[in-house]
Each structure stands twice: as structure tokens, then as C-alpha cells.
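Presented below is the structure to which this report refers.
The values are calculated or read from the model by the stated rules, or taken from the named source; none is laboratory data. The structure displayed is predicted, hence computed values, not measured ones. Heads up, the Cβs are rebuilt from the backbone with ideal geometry, glycines too, and the neighbour counts pull from every protein chain shown.
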Amino acid sequence: MQKITCLIIDDEPLALDLVERYVLRTPVLELKGKCTNPLEGMNILRSEKIDLIFLDIQMPDMNGVDFSKTLKPETKIIFTTAFKEYAFEGFKVNAVDYLLKPFDYTEFLKATNKALERIGHSNEQVSPSKYIFVKSEYKIVKINLDEVFYFEGLKDYIKIWLSSQPKPILTLMSLKTIEEQLPGNKFMRIHRSFVIALDKISMVERGQVIINNQRISIAEQYKDRFHQFIENKSFH
């Protein structure tokens, strides 16, 4: 597989780290650098061949749109920003795609696949990873997502309940952090403390989902999205 070299530029450390995690999970992408402003990005571009840049728009000194106008036409851009009003500006400079923060890994992959087509690697489309790695009891444990019943948040920890073992795996991580790594079409948060595997639901009853004989309440703020999912999957 021929790698697509990429660079991340974002002045927000959390956003920079999130995109880095997504890039590292995507086999076709090779991260050549990350930085917090376009001027640093220019230095990296002088020493590295970069095919694709994940580029924030609103940054000090020089915004992402202006920076993109200095690049060679063969360097593709995926804009990442928290501001909808920049979408039109992004497409005026022929960006591959525009990711509105906060975005999940599935959205990231869709944008990446568009970039692969532009670069000429349409035969190397990438799909969401079927596994993740977590730290548990001084070990790095591989979690097969097909085996996950649900993730249960407990303050700073998460319990990962799996079909392959009776006891959960405990990892020091926030539920929000792990949710960002999951394919959005397979997992959904239905409660402040629970992200469930949608294909493991056996029944929905009285405002609760039943998974592996466990009842999990659907919190009010998540009901509309969850019921829309059920409606789309239902036969009438």
C-alpha cells in the first residue's frame, strides 16, 4: 500500500491530538508532522513532501484559507474548523472537504477517502478500524469492536463489557475520549455513562435498551437521536 503523507496544522492542542489519533489509526496515512501555526507548517513543507494537510482555519498570524493559497496545487487540503461560516471560503480554494468540529472518526474517514480519490488512490479506500487499543493494568489490550456490548463510564475510568469474557476490561480514560475513536454508525451514546454497540441491542422497552440481559436507560438528551436510529431500522 502506497502511503499518503500528511501534515496537521491546528492551534488548539486538543484538536491537534484528536486528528493525530485519527491519522495514526488509518493505515494509508503517514504522518509527517504536526504544528500549531502555518509558519511552522511552511518549514515542514520545505523539508517533506506532503500530499494532504488537515488544516484549521481560524489561527493567529495567518488563517488557514490564506495559507492554503500559498500551497502547490497538488497539495490537497481538508479544513477542520468550529465555524460553519468558513465552509464557503474553504470550497472557494478547492478544498477536498470541510470537517466541522467536533467530528468523529467516521466523518474523518469520509473526508480522507475523498482526498484519496483526488490524489489518485481511489482503489485504497479505508474503512473504520475493527479494533482499538487501551491501557489496562500496565498492559496494552486490543479490543475487538465486534465483541463490545457497551462502554460504561465511571468517573475517570471506563468499563468495557465484551462478549468474549465475563468480566469487563477497566481502563483509565474518559467516555468522551473513547467515543471519539468509535465508528459513529455502530456505536451511540444513550446516557451520560453509557455508549452502546447498536448491533448488540436485543430489545427496547420502556425507555431502556436491553443488551446481554442488562437494562440501560436512555437519557432524555439522547432520546431523539436514538429513536431516529430505531425508526430508520424498523419495518412498518
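For the subset of the range 147-158 comprising residues that are in a strand (DSSP E or B) and surrounded by fewer than 17 Cβ atoms within 10 Å (Cβ to Cβ), which member is farthest from the chain's Cα centre (by Cα)?
Looking at residues that are in a strand (DSSP E or B) and surrounded by fewer than 17 Cβ atoms within 10 Å (Cβ to Cβ), I get Leu154.
Residue-by-condition table, conditions (1) assigned to a loop (DSSP other than H, G, I, E, B); (2) outside the structural domain of Gln181 (by TED's automatic domain parsing); (3) modelled with pLDDT of 80 or more; (4) closer than 28 Å to Thr177 by Cβ:
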| site | (1), (2), (3), (4) |
| --- | --- |
| Asp66 | no, yes, yes, no |
| Lys72 | yes, yes, yes, no |
| Thr80 | no, yes, yes, yes |
| Tyr86 | no, yes, no, yes |
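Given (1) over 30 Å from Leu14 (Cα atoms); (2) surrounded by 15 or more Cβ atoms within 10 Å (Cβ to Cβ); (3) within 23 Å of the chain's Cα centre (by Cα), where does Ile211 come up short, assuming only one miss?
Single failed check for Ile211: (3).
In the range 136-146, what residues are within 15 Å of Val195 (Cα to Cα) and surrounded by fewer than 16 Cβ atoms within 10 Å (Cβ to Cβ)?
The answer is Asp146, and nothing else.
Please go through the range 121-145 and give me each residue that is at pLDDT 85 or above and touching a helix residue (DSSP H, G or I) at 6+ places or on another chain (Cβ under 8 Å), ordered by number.
Val134
Mind checking which pairs have a first residue in the range 39-60 that is farther than 16 Å from Glu74 by Cβ and in the same structural domain as Glu107 (by TED's automatic domain parsing) and a second that is surrounded by 21 or more Cβ atoms within 10 Å (Cβ to Cβ) and among the charged types (D, E, K, R), Cβ under 9 Å, 6 or more apart or different chains?
Pairs found: Phe54/Asp10; Asp56/Asp10; Met59/Asp10.
Taking the condition at pLDDT 90 or above and surrounded by 18 or more Cβ atoms within 10 Å (Cβ to Cβ), does Ala111 pass?
Yes: the conditions hold for Ala111.
Please go through (1) within 16 Å of Asp104 (Cβ to Cβ); (2) buried (at least 17 other Cβ atoms within 10 Å of the Cβ) for Thr177 and return the number of the only condition it doesn't satisfy.
Among (1) within 16 Å of Asp104 (Cβ to Cβ); (2) buried (at least 17 other Cβ atoms within 10 Å of the Cβ), Thr177 violates only (2).
Can you name the residue in the range 184-200 that is in a loop (DSSP other than H, G, I, E, B) and either touching an Asp or Glu at 6+ places or on another chain (Cβ under 8 Å) or of a type in the set (Ser, Thr, Tyr) (or both) and is also surrounded by the fewest Cβ atoms within 10 Å (Cβ to Cβ) among such residues?
The qualifying residue surrounded by the fewest Cβ atoms within 10 Å (Cβ to Cβ) is Gly184.
Kindly establish whether Leu31 is closer than 17 Å to Ile119 by Cα and either assigned by TED's automatic domain parsing to the domain that holds Glu107 or assigned to a helix (DSSP H, G or I) (or both).
yes
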